[in-house]
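The values are calculated or read from the model by the stated rules, or taken from the named source; none is laboratory data. Because the structure is predicted, anything quoted here is derived from the model rather than measured. Note that we place each Cβ from the backbone using ideal geometry, even for glycine, and neighbour counts take in every protein chain shown.
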Amino acid sequence: MIRLAALFLLGAFTCAQAHAAPTPSTPRVRAITAFVRLDRDHYVQQIGEAMSVLNAAKDGFAKRGYQTETVRIVTQPLADLVRGLTDQEALAFLRAIDELSVKLDFVPNVGPAMLHDGDDPHVMRLLAQVLSTLPHLNASTIIADDDGIHWRTIRETAKLVRYVADHSAHSQGSFQFAATAMLGPLGPFYPSAYHLGKGHQFSLGFESAGVVQEVFGATRGDFAAAVAELTRQLTLHARVGEEVGLQVAASTGWIFAGVDPTPAPLGDASIGDAIERYTAAKFGTSGTMTAALAITTAVKAVKVKQVGYSGLMLPVMEDKRLAQRWAEGTYEPSALLAFSAVCATGLDTVPLPGDVSEAQLARIYGDVASLAWKWHKPLSARLLPVTGKSAGDTTDFDSQYLFNTTLHRVD
């Protein structure tokens with residue numbers, strides 16, 4: 001009944017008559033993310049409370065026919081979380097959180113290690129050890145905000161990623177780390193999620209790349225029809241998410257921060273494939289920019305309380321078709337940055353050869369920060385150097401979320 005009512009209310013978003021309206025399958029809920037401020041003396045109970053809220057939301061979606069893929073908990077920023085502890089004590093505390101996440105089945109995130117250029121970079125050394133040794137904790141840095149570009153943080157970020165590539169199994173630790181620029185707090189997607197307040201908030205996002213695939217398959221090449229129908233379909237699901245969020249907020253006293261309508265891809269739910277259905281050409285060739293604009297236009301038009309990126313994700317190695325086209329060389333980092341001019345993507349899960357230097361990494365992060373700051377749009381960079389691998393080699397990441405692909409030379 002809820003679905004039928006939503007369809008009736010959304011009649012204003014009807015597609016152009018030249019195209020039959022598709023009926024995309026129900027997307028999975030990619031992330032329900034809780035934001036907490038942990039007290040080290042009571043963190044187990046606090047995480048337990050957050051899990052009750054997350055599970056209530058998960059149950060709310062299940063009753064409406066939606067499967068939830070992950071529930072997530074984000075703490076206050078790392079420096080605040082471990083303030084007053086020695087490195088040894090901090091590592092032990094973070095290891096306890098990591099182990100608790102496995103026991104309770106949530107994905108943990110300790111926020112940004114540096115928010116401003118004046119922050120103590122010693123926390124980055126701690127985070128480098130964490131990402132190299134603990135398999136579940138996520139984290140980030142902020143490399144640009146309204147105050148400008150954080151060049152010192154960019155250099156420290158490059159140093160951290162270079163270390164983690166050399167010291168984590170399969171060089172995989174940097175998969176759980178991102179540098180973000182102009183991204184606000186309370187977004188649900190990892191590794192960039194963070195908050196700066198008292199917590200007791202939550203947000204959510206869908207894995208709705210499959211929706212885009214079906215809509216673009218039915219409206220191929222027709223920009224207006226594609227935007228109208230995609231807006232209608234994304235709004236349908238986002239409003240269900242908002243309804244669940246508000247109901248959980250009313251019953252728990254937590255604050256519902258909003259929905260990120262970004263159509264997250266994973267595997268066969270592929271944004272790369274969706275764009276190819278629109279253009280009838282390989283991803284990265286002419287028309288890709290237009291398709292990216294169509295998606296972002298639809299996302300921005302979704303009438304719910306929005307949070308996070310609210311744009312388009314193009315994660316090279318989390319998307320089956322994108323990983324395939326990367327191996328074929330139909331696009332490169334400069335193309336992803338160009339697409340970022342019309343969407344919120346940046347450089348996500350971009351594999352790099354093992355000999356990439358700190359200086360090269362810093363230049364790449366600097367380009368992402370510069371673009372984000374110039375146009376005041378949220379972008380992120382999740383770069384994955386692979387120690388021991390060279391251009392032309394195939395990555396060997398061991399993750400259910402990553403599709404291995406071919407490495408290319410970094411200029």
Looking at the structure I just gave you, is Val130 farther than 24 Å from Ser370 by Cβ and surrounded by fewer than 17 Cβ atoms within 10 Å (Cβ to Cβ)?
no
Tell me, please, whether a residue that is modelled with pLDDT of 50 or more and either hydroxyl-bearing (Ser, Thr, Tyr) or not in a helix (DSSP H, G or I) (or both) can be found in segment 7-17.
no
Single match in Thr387, Thr405, Thr395 (criterion: at pLDDT 95 or above, more than 22 Å from the chain's Cα centre (by Cα) and among the polar types (S, T, N, Q)):
Thr387
Considering segment 106-146 alone, what residues qualify as being among the small types (Gly, Ala, Ser), out of contact with any Leu (no Cβ under 7 Å at 6 or more places or on another chain) and assigned to a strand (DSSP E or B)?
Ser140, Ala144
Where Tyr278 falls short, out of the listed (1) of a type outside the set (D, E, K, R); (2) part of a helix (DSSP H, G or I); (3) surrounded by fewer than 24 Cβ atoms within 10 Å (Cβ to Cβ); (4) over 23 Å from the mean Cα position of the chain (by Cα):
(3)
Check whether at least one residue in segment 310-332 is among the hydroxyl-bearing types (Ser, Thr, Tyr) and within 19 Å of Ala144 (Cα to Cα), and report yes or no.
yes
Checked Ala327, Ala391, Ala338, Ala362 against criteria (surrounded by fewer than 23 Cβ atoms within 10 Å (Cβ to Cβ), without any contact (Cβ under 8 Å) to a residue 40 or more places away in the chain and either of a type outside the set (D, E, K, R) or part of a helix (DSSP H, G or I) (or both)); the one match is Ala391
Could you list, in sequence order, all residues of segment 258-267 that are in a strand (DSSP E or B), farther than 17 Å from Thr231 by Cβ and in contact with a Gly (Cβ under 8 Å, 6 or more places away or on another chain)?
Gly258
Hits in segment 107-131 - residues which are without any contact (Cβ under 8 Å) to a residue 60 or more places away in the chain and of a type outside the set (A, V, I, L, M)
Pro108, His116, Asp117, Gly118, Asp119, Asp120, Pro121, His122, Arg125, Gln129
Quick one: which of Phe216, Phe202 is buried (at least 24 other Cβ atoms within 10 Å of the Cβ) and assigned to a strand (DSSP E or B)?
Phe202
When (1) in contact (Cβ under 8 Å) with a residue 24 or more places away in the chain; (2) farther than 28 Å from Gly184 by Cβ are applied to Glu318, the one that fails is (2)
Contacts under 7 angstrom Cβ, first residue in segment 34-57 being assigned to a helix (DSSP H, G or I), partner of a type in the set (S, T, N, Q) and at pLDDT 95 or above, 6 or more apart
Val53/Thr252; Ala56/Ser251; Ala56/Thr252
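Each row is one residue, and each column tells you yes or no for (1) within 14 Å of Leu234 (Cα to Cα); (2) free of Cβ contacts under 8 Å to residues at least 40 places away in the same chain; (3) not hydroxyl-bearing (Ser, Thr, Tyr).
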{"position": "Thr262", "(1), (2), (3)": "yes, no, no"}
{"position": "Ala269", "(1), (2), (3)": "no, no, yes"}
{"position": "Arg277", "(1), (2), (3)": "no, no, yes"}
{"position": "Ala281", "(1), (2), (3)": "no, yes, yes"}
{"position": "Thr288", "(1), (2), (3)": "no, no, no"}
{"position": "Ala291", "(1), (2), (3)": "no, no, yes"}
{"position": "Lys303", "(1), (2), (3)": "yes, no, yes"}
{"position": "Leu312", "(1), (2), (3)": "yes, no, yes"}
